[in-house]
Every structure is written in structure tokens, then in C-alpha cells.
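Enquirer: Submitted below is the structure of interest, expressed as C-alpha cells.
Just so you know, all these numbers are worked out from the coordinates, no wet-lab data involved. Since the structure is predicted, the reported quantities are computational estimates derived from the model, not experimental observations.
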Amino acid sequence: MSDEIIVGAFKALSDPTRMRIVRYLLKHSTGEKRTGPTASEICFHLTGAEKINSTISHHLHELDNAGLISIERKGKHMICTLRPEAFMYLSNACRNIALGEKSF
């Protein structure tokens, strides 16, 4: 990953609402393929609204653009899942910085 991708991922995670979305996805992803909840379910959990609103949609797309989640349309629903490999990469980069590694 390039520096721009790392910065984009950390920027996306710096928003409290996006962190709540990530926590919700982590808690509600199921199965070996980590099938996630719909965008509407995420919106309902965060806001109580039954339909997805533009604010939650924006946050989901910011996380998607940063490579941290994937959004897949299945019929009328948008299924959201975490991308574990992105979080592993960020974790390893932080670890290498903490250990004083010259590159990460």
C-alpha cells in the first residue's frame, strides 16, 4: 500500500461515526465469507431510521473508498462487509513503526 492509501484509511477511521460502523460490521458479520448487514440495518442501528439516509450512505462510501469495507448490491439491498486484509495491513504498518522498522 502506498502512503496515500494508508493516510486515506486512517482519515476514514478518524471519524467517530465511521468507527461505530466498523464496530457494528465486526459484531454483525457472519459466516466464513463474513456476510455483513445491509446498509439499511447499519443506518437503523446508528440512527433509528428505517431507511438509509444520506449521512450514513456518505460514511459507508468513505469507508469503501478507503478500502476498509466492501459494498455489494444484492437485489434491492447493499451488503456491507469489512475487508480484513486492509486492517491487517494497517496493523502491520503500525507495528513496524512502533518497532522502529525502516520500512512498512
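Enquirer: HN-Hα J couplings of the stretch 73-84 from phi, Karplus 6.51/-1.76/1.60, θ = phi - 60°, integer Hz, Gly and Pro as x?
Expert: In residue order, the calculated couplings are 7, 10, x, 8, 9, 10, 8, 10, 9, 6, 10, x Hz.
Enquirer: Aspartates and glutamates within cross-link reach of Lys51: Cα-Cα under 20 Å, excluding same-chain residues under 8 positions apart?
Expert: List returned: Glu41, Glu62, Asp64, Glu72.
Enquirer: With each run of n ≥ 4 DSSP H residues scored as -39500 (n - 2.57), what mean residue ellipticity at 222 nm is computed for the chain after dividing by its residue count and rounding to the nearest 500 deg cm²/dmol?
Expert: -18000 deg cm²/dmol
Enquirer: What's the angle, to the nearest 10 degrees (0 to 90), between helix 3-13's Cα axis and the longest principal axis of the chain?
Expert: Computed tilt is about 40 degrees.
Enquirer: Sequence gap at least 6, Cα distance under 8 Å: using those rules, report the relative contact order of the stretch 3-98 to the nearest whole percent.
Expert: For the stretch 3-98, the relative contact order is 28 percent.
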